[in-house]
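Down below is the structure, laid out as structure tokens.
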Amino acid sequence: MDERPASPTLTILASLAFVFLLAPVVIVLPLSFSGDAFMAFPPQSWSARWYAAIFSHARLIEAFFVSLGLAATVTALSLMIALPATYALVRLRPPGAEAMFSLFTAPLLLPTIVLGLAILIVFAGLGLLGTWRGLLLAHLVVCTPYALRVLATSLANLPADVEQAAATLGARPATVFRRVTLPLMLPGVAATGALCFLVSFDETVLSLFMTGPRISTLPVEMFHHVESRADPLVAAVSVLLVGFTLLVVVLVDRSLGLGKAFLKGG
Amino acid sequence: MAGATSADAAGEGFLSLRGLTKRYGGFAAVDDLSLDIGKGELVAFLGPSGCGKTTSLRMIAGLIEASAGRIAVDGRDLTHVPTYERDMGMVFQSYALFPHMSVAGNLAFGLEMRKLARAEIERRVREALALVHLEALGDRKPAQLSGGQQQRVALARALVIRPSILLLDEPLSNLDAKLRDDMRAEIRDIQTRLKATTIFVTHDQMEALTMCDRVAVMNRGRLEQLGTPEDLYERPASAFVATFVGRINRIEATAEGDVVRLGGEALRAARSAHGPVELMVRPHRIEMSAGAAAPPQAQDGPRNMLSGRVARSVFAGDLQHYEVEAAGRLLSVERSTVSHEPPLRPGEAVTLSWRVADTFMFERAS
């Protein structure tokens, strides 16, 4: 994968960027093993009590499973919507394809707070606030444009004549898609899936508008927790989340190669 | 399938194009193309880029929809038949191999689409690999092959389905010169052995002339001439064909019947015309002798003569290139170096002569 060695300047710059990005994570790790009742750095005593506390915190555990189920469903639905849409817009090119593509990916340009407010107003009238269905729809609005964007790049990078070659050899359009297009898009599909999953799992601002006493997601629960208490519980949850995110990324990397999935496919 | 309607009975070729046209808005990429190709023939579509040759090929393959006209193979109208039912093998300029399949997988694809038995597929894949001398590479992925090997796989993949027509879209343009020569001979050899009716799209006149039974010269979407390589070279139908195929001298003049006056001298052409014309003659058909004396009249018909003066002389191995100033113009003349005569030097007075039969005349827009 490495075609040429990086220059020393680039190495230093990249290292600085890494330190900047990872510093909060590095602070959170010792904090999570604090034995104190309040968040303070450096901790006065050490203990794993806040990890244990997570598992007795029923609302957090419940919210984690809501987030997990939500992210998985949103990912599956986003792919199911975006794959055919991408194929139609990029390959079949109906009149106005570019305008439609811009329209469908427009939510990417909107601040989520604006989106959240707009969805709040619409959903309030429909009785969707504080429901799983409402959360799902709101997350789809954010994730599907990402999926469309990444998949469109992935498909546009596939040379059309490979698909045409399959057609000349006697393959019907559905067979061409199943045996040629889709396998070649797989790295892009995996990257899209991982991206959608993480965007949904991590989404806070939009979820704040949609959640209520009946249903809540993990980031929203963490936010509420930090608002009311200052104990290191959230640090422990954060460390677990970092581990979980890494797991998702490593899984994609192991199955397809991350560079391939995100650079070539995405 | 179309056994009852024999193509020959209808007076059409095995592949028949009638009035084939592709318009993009007001622009005709291919304009009223009609031609017939016989079974087992290798025909080149030759022309500069943008002449419509690739668009024509893609219409035949069904990859581009025709705006008008008819495409038929063996009497069966294919104009509105989708690509996957046309039974044509195509080699793309980029080869378009399936990168996620092995070489054998690439070859098997078309056979799987035809729902052949596993054993039959394996047998035919082996045969096809042997045909292009890649027996040992069936398990490789396309990315692990050289350009020439990928080209062979693309050819084998198109041939293994035993298509009714083989379509080659600039198949040699991505190979280096040496490999191109080898593949040229190999494609012609395989094509002849399999008697595959083949269309070969190229912008390279050498490729078209040396490989193909007949050549269709295209320009600006229109067919300029369809003929054997000799036809194009010896009897070009238009000024475009004369200038595109081989090197040629172009002399602008005004014709009165079959006589053209140039300075003080009169030249004749094989046909007659009135008004502004271009006279054309190939550099190696011009004989040149030193001095102002007229050369002895040859036995092969009437000749044109011009006296002139050598302006430049360039040695090019098998040929000596001259530029000769005659009747106020510069004419190219080529002489074989086989005779070991000392070359003529710049400034020397010479007499040029060539057969009237070798003098092409085309009207020119005034």
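The values are calculated or read from the model by the stated rules, or taken from the named source; none is laboratory data. Model, not experiment: these values are computed from the prediction. Positions of Cβ are backbone-derived with ideal geometry, glycine not excepted, and every protein chain shown enters the neighbour counts. The area values use the complete protein model at the heavy-atom level, side chains included, leaving out ligands, DNA and RNA. Shrake-Rupley method; radii C 1.70, N 1.55, O 1.52, S 1.80 Å.
Assuming A:Glu163 fulfils every condition listed in (1) open to solvent by 10 Å² or more (accessible area, probe 1.4 Å); (2) away from chain B (no Cβ under 14 Å); (3) touching a Ser or Thr at 6+ places or on another chain (Cβ under 7 Å) apart from one, which condition is it?
(2)
What residue, of B:Arg118, B:Arg140, is charged (D, E, K, R), in contact (Cβ under 8 Å) with a residue 24 or more places away in the chain and surrounded by fewer than 22 Cβ atoms within 10 Å (Cβ to Cβ)?
On the way: B:Arg118 fails: in contact (Cβ under 8 Å) with a residue 24 or more places away in the chain.
Exactly one residue qualifies, and that residue is B:Arg140.
Mind checking which pairs have a first residue in region A:121-134 that is under 16 Å from A:Val66 (Cβ atoms) and a second that is among the small types (Gly, Ala, Ser) and assigned to a helix (DSSP H, G or I), Cβ under 8 Å, 6 or more apart or different chains?
Short answer, once both residue conditions are applied: A:Leu128/A:Gly134.
Please work out if B:Arg157 is part of a helix (DSSP H, G or I) and within 11 Å of chain A (Cβ to nearest Cβ).
Values: part of a helix (DSSP H, G or I): yes; within 11 Å of chain A (Cβ to nearest Cβ): yes.
Here the answer is yes, as B:Arg157 does meet what is asked.
Does any residue in region B:192-209 that is farther than 19 Å from B:Thr54 by Cβ come within less than 9 Å, Cβ to Cβ, of a residue that is open to solvent by 40 Å² or more (accessible area, probe 1.4 Å) and aliphatic (A, V, I, L, M) six or more places away or on a different chain, and which pairs are these?
Close Cβ pairs (under 9 Å, with a partner that is open to solvent by 40 Å² or more (accessible area, probe 1.4 Å) and aliphatic (A, V, I, L, M)) do not exist here.
Could we say that B:Arg162 is open to solvent by 10 Å² or more (accessible area, probe 1.4 Å), more than 14 Å from chain A (Cβ to nearest Cβ) and outside any strand (DSSP E or B) here?
no
Do you know which residues across region B:238-255 are surrounded by 14 or more Cβ atoms within 10 Å (Cβ to Cβ) and not hydrophobic (A, V, I, L, M, F, W, C)?
Quick first cut of region B:238-255, residues surrounded by 14 or more Cβ atoms within 10 Å (Cβ to Cβ) only: B:238-246, B:248-251, B:253-255.
Once the filter is applied, which keeps residues that are surrounded by 14 or more Cβ atoms within 10 Å (Cβ to Cβ) and not hydrophobic (A, V, I, L, M, F, W, C), region B:238-255 yields B:Ser238, B:Thr243, B:Gly246, B:Asn249, B:Arg250, B:Thr254.
Suppose we keep only residues that are of a type in the set (Gly, Ala, Ser) and within 35 Å of the chain's Cα centre (by Cα) within region B:338-362. Which one would you say is least open to solvent (accessible area, probe 1.4 Å)?
Residues of region B:338-362 that are of a type in the set (Gly, Ala, Ser), as a first pass: B:339, B:347, B:349, B:353, B:357.
With the extra rule that they be within 35 Å of the chain's Cα centre (by Cα), the set shrinks to B:339, B:353, B:357.
Working: B:Ser339: 68, B:Ser353: 4, B:Ala357: 58 Å².
Out of the qualifying residues, it is B:Ser353.
For B:Gly227, only one of the following conditions fails: (1) over 20 Å from B:Ala61 (Cα atoms); (2) open to solvent by 10 Å² or more (accessible area, probe 1.4 Å); (3) modelled with pLDDT of 90 or more. What is its number?
It is condition (2) that B:Gly227 fails.
Conditions: (1) at pLDDT 90 or above; (2) surrounded by 17 or more Cβ atoms within 10 Å (Cβ to Cβ). A:Arg178 meets all but one. Number of the miss?
(2)
Would you mention how many residues in region A:105-131 are touching a Lys or Arg at 6+ places or on another chain (Cβ under 9 Å) and at negative phi? Give the steps one after another, and end with the answer.
Filtering region A:105-131 for residues touching a Lys or Arg at 6+ places or on another chain (Cβ under 9 Å) gives A:105, A:108, A:130-131.
So of that shortlist, the ones also at negative phi come out as A:105, A:108, A:131.
Number satisfying all stated conditions: 3.
Given the residues B:Phe109, B:Phe98, B:Phe92, which is the only one that is under 27 Å from B:Ala29 (Cβ atoms), among the aromatic types (Phe, Trp, Tyr) and within 10 Å of chain A (Cβ to nearest Cβ)?
Values: B:Phe109 fails: under 27 Å from B:Ala29 (Cβ atoms); B:Phe98 fails: under 27 Å from B:Ala29 (Cβ atoms).
None of the others qualify; the one that does is B:Phe92.
I need the strands (runs of 3 or more DSSP E) fully contained in region B:206-266, keeping only those with at least 1 residues that are over 28 Å from B:Arg23 (Cα atoms). Let's see the steps before the verdict.
Numbers: elements: B:214-219, B:222-227, B:249-262.
Answer list for region B:206-266: B:249-262.
Among the listed residues B:Arg261, B:Arg235, identify the single one that is surrounded by fewer than 19 Cβ atoms within 10 Å (Cβ to Cβ) and at pLDDT 90 or above.
On the way: B:Arg261 fails: at pLDDT 90 or above.
Exactly one of B:Arg261, B:Arg235 is surrounded by fewer than 19 Cβ atoms within 10 Å (Cβ to Cβ) and at pLDDT 90 or above, namely B:Arg235.
If the requirement is being modelled with pLDDT of 90 or more and either touching a strand residue (DSSP E or B) at 6+ places or on another chain (Cβ under 8 Å) or farther than 22 Å from A:His57 by Cβ (or both), which of these qualifies: A:Val199, A:Val252, A:Val248?
A:Val199
Taking the criterion of being in contact (Cβ under 8 Å) with a residue 40 or more places away in the chain, at the interface with another protein chain (Cβ under 7 Å from one of its Cβ atoms) and surrounded by 16 or more Cβ atoms within 10 Å (Cβ to Cβ), would at least one residue in region B:71-88 satisfy it?
Within region B:71-88 (the criterion being in contact (Cβ under 8 Å) with a residue 40 or more places away in the chain, at the interface with another protein chain (Cβ under 7 Å from one of its Cβ atoms) and surrounded by 16 or more Cβ atoms within 10 Å (Cβ to Cβ)), the answer is yes, since at least one residue qualifies.
Here is a list: B:Leu129, B:Leu35. Which entry is touching a residue at least 12 places away in the same chain (Cβ under 8 Å), in contact with a strand residue (DSSP E or B) (Cβ under 8 Å, 6 or more places away or on another chain), more than 9 Å from every other protein chain (Cβ to nearest Cβ) and hydrophobic (A, V, I, L, M, F, W, C)?
Details: B:Leu129 fails: in contact with a strand residue (DSSP E or B) (Cβ under 8 Å, 6 or more places away or on another chain).
Step by step, each of B:Leu129, B:Leu35 is checked, and only B:Leu35 is touching a residue at least 12 places away in the same chain (Cβ under 8 Å), in contact with a strand residue (DSSP E or B) (Cβ under 8 Å, 6 or more places away or on another chain), more than 9 Å from every other protein chain (Cβ to nearest Cβ) and hydrophobic (A, V, I, L, M, F, W, C).
Which pairs have Cβ atoms under 6 Å, sit 6 or more apart or on different chains, and link a residue in region A:36-60 that is exposed (fewer than 11 other Cβ atoms within 10 Å of the Cβ) to one that is of a type outside the set (Phe, Trp, Tyr)?
Qualifying pairs under 6 Å: A:Gln44/A:Asp36; A:Ser45/A:Gly35.
May I ask you to list the residues in region A:95-144 that are part of a loop (DSSP other than H, G, I, E, B) and open to solvent by 60 Å² or more (accessible area, probe 1.4 Å)?
Residues of region A:95-144 that are part of a loop (DSSP other than H, G, I, E, B), as a first pass: A:95-96, A:105, A:110-111, A:127-131.
Within region A:95-144, A:Pro95, A:Leu110, A:Pro111 qualify.
Considering region B:44-59 alone, what residues qualify as being of a type outside the set (D, E, K, R) and either part of a helix (DSSP H, G or I) or crowded, with 24+ Cβ neighbours inside 10 Å (or both)?
In the first step, residues of region B:44-59 are kept if they are of a type outside the set (D, E, K, R); the result is B:44-52, B:54-57, B:59.
Passing the criteria: B:Ala44, B:Phe45, B:Leu46, B:Gly47, B:Cys51, B:Gly52, B:Thr54, B:Thr55, B:Ser56, B:Leu57, B:Met59.
Tell me the residue from B:Leu167, B:Leu134, B:Leu145 that is within 14 Å of another protein chain (Cβ to nearest Cβ) and either open to solvent by less than 10 Å² (accessible area, probe 1.4 Å) or under 23 Å from B:Glu186 (Cβ atoms) (or both), please. Break it down stepwise before answering.
On the way: B:Leu134 fails: within 14 Å of another protein chain (Cβ to nearest Cβ); B:Leu145 fails: within 14 Å of another protein chain (Cβ to nearest Cβ).
Answer to the check: B:Leu167.
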